[in-house]
Amino acid sequence: MISFNPFSNIPGVPTSQQLIDMAFGRASKISIELPSKRDPLLMAKLREIRRIRTVASIISDRLKSIVNGMPNLDSIHPFYRDLFCVMFDRDSYVKSLRNVSWASSMILKLSKKYVREIRGAMDPREAAKLRRAFYGRVSSIIDDIDEDLKFLSNLVKLRRLPSIDFNIPIIVVCGAPNVGKSSFVKCVSTAEPEIAEYPFTTKNVSVGHIMGSHGVRAQIVDTPGLLDRPLNERNKIELQAIAALKNLRGGVVFLIDPTETCGYPLEYQLNVFKSVKEFFADRILVIGLTKMDLASKDQIDKATKLINYDKVYVCNSLNCIGTMEIVEYILRSMGA
């Protein structure tokens, strides 16, 4: 199955100690098999040179593969770039890659220097001393990038980001916390989001797939709950939802709980809607009034009047009533 997540294949990153232990351990097993009549100094030189080259090759190649396996943020879709910047510091990422690349090159450069010096050694002890000096320099370099390796090792979390195909229709589901977004997504798609009665159950953006009428295939994205506060005050969970709203082009379902059992007054939920409405300016937008099994006629009428929008649907995402109708309307409006 093709993954559209640009971080799905990022490499694992060893700790500095693991890298050193692996390289030095492999080098320590090297032996030189030559006829016994050969010069002992020559054998010592060849052994130390092979050890140096082994250490340099293992560490340099591993560091290079780490750098090459990390995506260029400028070349990936803005949705994934924004999610990355929510979860990690971009400047630290660039700096760490630069430092690891430098370490790879420097170790290769040092290996050539020490190989030349060992070739001029006057006795086996001098050759061994030069090899140990090289090991010390390598250890120092790896220690210098220890924090960079730790930072890059945390990027494996990005493998779990949803895989989104930007070539097929996308529907984003959003709203205040606990209004029924995950239940809605579960009703209409293959997604199996966690369902629970407390705010911020959805801590990450997740995606499910829909097979609508007439064989139309689409994706539906479940986003974390949004609170009514300025963008610069939003937490990382909320910012992931903002990234989805901003960069996932397609239809939008904004859910509102008219019963207020979500824990947020109706007026508050409307303020949340207004605070992110700018992201919907050129998109098909449907308001879904959830929990119709609990809502009274007065509550539905009040919400409809305050929303003052022509596309308001009533649904119950707990029992999947009216949910698919919303999706089908959006797909038709998108020409899908």
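Here are the numbers:
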quantity	calculated
Helix 16-28 axis, angle to the chain major axis (alpha carbon atoms, nearest 10°)	30 degrees
Accessible carbon and sulfur surface of the chain relative to its total accessible area, %, 1.4 Å	51 percent
Contour minus Cα-Cα distance for residue 65 and residue 125 (0.36 nm per residue)	18.1 nm
At R0 = 35 Å, FRET efficiency that the Cβ-Cβ distance of residue 132 and residue 85 yields, to 0.05	0.20
Using alpha-carbon coordinates, inclination of helix 78-87 to the longest axis of the chain, degrees	70 degrees
Residue with peak Gaussian network fluctuation, the chain [Cα springs, cutoff 10 Å], from 220, 30, 118	30
Convex hull per residue volume in Å³, alpha carbons only, for the chain	152 Å³
Unpaired by the 4.7 Å Cβ criterion, cysteines found in the chain	85, 174, 262, 315
Solvent-accessible area per residue, Å², over the chain with all protein chains present [probe radius 1.4 Å]	49 Å²
GNM flexibility winner over the chain from 224, 162, 124 (Cα, springs under 10 Å)	124
Of every Cα-Cα pair in region 74-132, the percent that sits beyond 14 Å	70 percent
Residue 211 accessible area, assembled protein chains, probe 1.4 Å, Å²	120 Å²
Listed residues 48, 267 arranged by accessible area, highest first, probe 1.4 Å	267, 48
Under 17 Å from the Cα of residue 95 - lysines, other chains or at least 8 residues apart	64, 150
Cα gyration tensor shape for region 204-327, rounded if a/c is under 1.5, else prolate or oblate	oblate
Angle between the chain longest axis and helix 323-333 axis [Cα atoms, degrees, rounded to 10]	80 degrees
Å³ per residue enclosed by the Cα convex hull of region 1-152	122 Å³
Gaussian network model of the chain, Cα within-10 Å springs - most flexible of 129, 181, 45	129
Residues of region 277-306 with amide N under 18 Å of the 7 Å Cα→Cβ point at residue 267	299-306
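The values are calculated or read from the model by the stated rules, or taken from the named source; none is laboratory data. None of these values were measured; they are calculated from a predicted model. No Cβ is skipped: glycine too gets one built from the backbone with ideal geometry, and neighbour counts run over all protein chains shown. To get the accessible areas, we keep the full protein, side chains included, count just its heavy atoms, and leave off ligands, DNA and RNA. Shrake-Rupley method; radii C 1.70, N 1.55, O 1.52, S 1.80 Å.
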